[in-house]
Amino acid sequence: MSSIPKIVVLGAGYGGILTAQKLQKELNYNEADVTLVNRHDYHYFTTHLHMPAAGTDSIDHTRVQISKLIDEFKIDLVKSNVQEIRLYDKKVILEDGTLSYDYLIIALGGEPESFGIPGLAEHALTIRSINSVRLIRQHIEYQFARYKMDENRKDRLNFVVGGAGFSGIEFVAELADRIPGLCKEYDVDPSLVHIYNVEAAPTVLPGFDPELVEYAMEVLRKKGVTFKIGVAIKECTAKGVTLATDEEIKAATVVWTGGIRGNRLVDAAGFETMRGRVKVDEYLRAPGHEHVFIIGDNSLMFNPEGRPYPPTAQIAMQQGVVCAHNVVASIRNQQPKKFVFSNKGTVASLGKGEAIATVGTKKYKGWTAAQLKKLVDMRYLFIIGGIPLVLRKGRFL
C-alpha cells in the first residue's frame, strides 16, 4: 500500500490555484499525490466579474482553463461539487465520489451574506460566478427590451445596487458606463434610467482615504449614480426595495453586493466558525487539525491592531503560497513559515479611465490609478500563467 501522502485542495480560486501551482513547483515526483477539486474546469477572476455583469467586457476575459495553469502530470484535477467534509475520517464527499486525504487545503470561496434581510435571497441577483454574471447581464438587457413594449413600467429602468464596497462601487461604475449604449441600442431616453447605490455604513469604500472616497463618489454622481449612504435595506421584494427609512425604491433589478460570508460546508464540517470563517493559526492551520489548512474567504486572520483582514484576492494569493510551503514542510518534517500579510496596495476601478488607488502612503486617482489597476491585473495573470496569459487576457487599452 502506498505511503505517499495525499493532498486534497478544495477550490481553484485565487488561494486554491496559487496553492496548487506552488505545490507542483516545490514537490518532487512521487513525493505526494495532489488532487485539486473544483466545480468548474476553469479558474475565474472574481475581481473582474463586475465588468461582464454590466456588459462592458467579455466573459472570456474573466476566466482561463485550469488545465492551462497546472501540470496535469503532477496534479489531478477533479471537476465536481463538494458535498461534505468529514474531518473525523479524513474524507471529502463529492457529488460523484469520495476522496481520502492526509493533508486538506480548504479554499472553497465565500457566499453572499444577506444579513437576514427579508426577500434578498429570493429577489436579488448576486455577482458571484460566471453563471450569475451571465444572468445579470441578460436580465439588464431584457429590462430595456421589455420597457419599449410596456412603457408604463418605469421601474424596469431603475437599478438598485446594495452595498458600496469594492464590488458594489465597481459594478455601478461599469453599469453607468454601459447605460448610454443600452439607451441608444433600445431607443430609450437616458433621463429615464436611474441607478441607486444603497449602503448601510456611513461611507462607501471603507478603508480608503476620505479624499479618495469623495473623488470616487463625485465621479460616479457625474455618471448618474444616486447614493443612499448610511441607510440599510429593510426588505427586498419582486417590486424593489424598502429602506430602513421606509422609503420605497421600485426597481425590476436589484443586485446585492453587500457582504460575503465563508462557506456553509465549513460550518457543517464542525469547525468553530464566525460567519463561515475559521480563525486559523499563524501557519494557516485549523485549530485542532494540524493537517487541515484553511485560506481565502474561509479563513479568519487578524492584523496587528486586532481587526480581521478583509477577504481580498491579494491576501488569498499570499496565503496560497505560504500554505503550499507549509504543507511541503510538514511532509519533509521541516519548520513551517508564519503567514505575514504584505499589503501591496489597494485599487478600486470607477469605470473606463477612472480609478482610485493607495500604495503605501501614496494616493492616486483618475487615469493614473486606472493604469495601476491594469498593472495589478496583468501582474496576477503573469503570476499564474506567465507572459502568454498576459498577452491573451490582459487589458492594455
ask   = Going by the structure shown, is residue 304 in contact with an Asp or Glu (Cβ under 9 Å, 6 or more places away or on another chain) and part of a loop (DSSP other than H, G, I, E, B)?
value = no
key: Residue list for the stretch 192-232, filter: in contact with a helix residue (DSSP H, G or I) (Cβ under 9 Å, 6 or more places away or on another chain), exposed (fewer than 15 other Cβ atoms within 10 Å of the Cβ) and closer than 15 Å to residue 245 by Cα   = 229
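Within the stretch 105-114, can one find any residue that is surrounded by 23 or more Cβ atoms within 10 Å (Cβ to Cβ) and small (Gly, Ala, Ser)?
Step one: list which residues in the stretch 105-114 are surrounded by 23 or more Cβ atoms within 10 Å (Cβ to Cβ), which gives 105-109.
Still in the running and small (Gly, Ala, Ser): 107, 109.
Scanning the stretch 105-114, I find at least one residue that is surrounded by 23 or more Cβ atoms within 10 Å (Cβ to Cβ) and small (Gly, Ala, Ser), so the answer is yes.
Among the residues of the stretch 245-267, write down those that are under 17 Å from residue 226 (Cα atoms) and either open to solvent by 30 Å² or more (accessible area, probe 1.4 Å) or under 18 Å from the mean Cα position of the chain (by Cα) (or both). Steps first, please.
So the first thing to find is which residues in the stretch 245-267 are under 17 Å from residue 226 (Cα atoms), and the list is 245, 247-258.
Passing the criteria: 245, 247, 248, 250, 255, 256, 257, 258.
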request  = Given the conditions (1) under 22 Å from residue 348 (Cβ atoms); (2) touching a Pro at 6+ places or on another chain (Cβ under 9 Å); (3) surrounded by fewer than 16 Cβ atoms within 10 Å (Cβ to Cβ), report the number of the one that residue 134 does not fulfil.
outcome  = (1)
request  = Would you mind telling me which numbered condition in (1) in contact with a Pro (Cβ under 9 Å, 6 or more places away or on another chain); (2) assigned to a helix (DSSP H, G or I); (3) not acidic (Asp, Glu) residue 234 fails?
outcome  = (2)
query = Using beta carbons and a limit of 9 Å, which pairs, at least six apart or on different chains, have the first residue in the stretch 178-197 and on the phi > 0 side of the Ramachandran plot and the second one among the basic types (Lys, Arg) and surrounded by 11 or more Cβ atoms within 10 Å (Cβ to Cβ)?
reply = 187/148
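Which of the strands (runs of 3 or more DSSP E) contained wholly in the stretch 316-375 include at least 2 residues that are charged (D, E, K, R) and over 17 Å from residue 296 (Cα atoms)?
Working: elements: 346-349, 355-359, 362-365.
Correct list: 362-365.
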inquiry  = Checking the condition open to solvent by 50 Å² or more (accessible area, probe 1.4 Å), within 28 Å of residue 54 (Cα to Cα) and in contact with a Phe, Trp or Tyr (Cβ under 7 Å, 6 or more places away or on another chain), which residue from 365, 344, 352, 338 passes?
reply    = 365
ask   = Consider residue 99 against the criteria (1) under 18 Å from the mean Cα position of the chain (by Cα); (2) open to solvent by 20 Å² or more (accessible area, probe 1.4 Å); (3) touching a residue at least 12 places away in the same chain (Cβ under 8 Å): it satisfies all of them except one. Which criterion is unmet?
value = (1)
task = Those residues that are within 15 Å of the chain's Cα centre (by Cα), of a type in the set (A, V, I, L, M, F, W, C) and open to solvent by 20 Å² or more (accessible area, probe 1.4 Å), I need them from the stretch 268-321; list them, please.
result = 313, 317
Scope the stretch 1-52; condition aliphatic (A, V, I, L, M) and more than 30 Å from residue 170 (Cβ to Cβ); matching residues = 1, 4, 7, 8, 23, 27, 32, 34
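Residues checked against (1) without any contact (Cβ under 8 Å) to a residue 60 or more places away in the chain; (2) surrounded by 19 or more Cβ atoms within 10 Å (Cβ to Cβ):
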| residue | (1), (2) |
| --- | --- |
| 38 | yes, yes |
| 41 | yes, no |
| 47 | no, yes |
| 52 | no, yes |
| 64 | no, yes |
| 68 | no, no |
| 71 | yes, no |
| 82 | no, yes |
request  = Test residue 331 against the stated conditions and say whether it is in contact with a strand residue (DSSP E or B) (Cβ under 8 Å, 6 or more places away or on another chain), closer than 20 Å to residue 217 by Cα and either loosely packed, with under 15 Cβ neighbours inside 10 Å or among the aliphatic types (A, V, I, L, M) (or both).
outcome  = no
task = For residue 219, indicate whether it is in a helix (DSSP H, G or I) and more than 23 Å from the chain's Cα centre (by Cα).
result = yes
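Tell me which residues, restricted to the stretch 18-50, are among the acidic types (Asp, Glu) and either in a helix (DSSP H, G or I) or on the phi > 0 side of the Ramachandran plot (or both). Steps first, please.
As a first pass, look at the stretch 18-50 and keep what is among the acidic types (Asp, Glu): 26, 31, 33, 41.
If the condition is that a residue be among the acidic types (Asp, Glu) and either in a helix (DSSP H, G or I) or on the phi > 0 side of the Ramachandran plot (or both), then 26 is the only one that fits.
The values are calculated or read from the model by the stated rules, or taken from the named source; none is laboratory data. Bear in mind that the values here come from a model prediction, so they are computed numbers and not experimental data. Note: ideal-geometry Cβ built from the backbone for every residue, glycine included; neighbour counts use all protein chains shown. Accessible surface areas use protein heavy atoms only, side chains included; no ligands, DNA or RNA. Shrake-Rupley method; radii C 1.70, N 1.55, O 1.52, S 1.80 Å.
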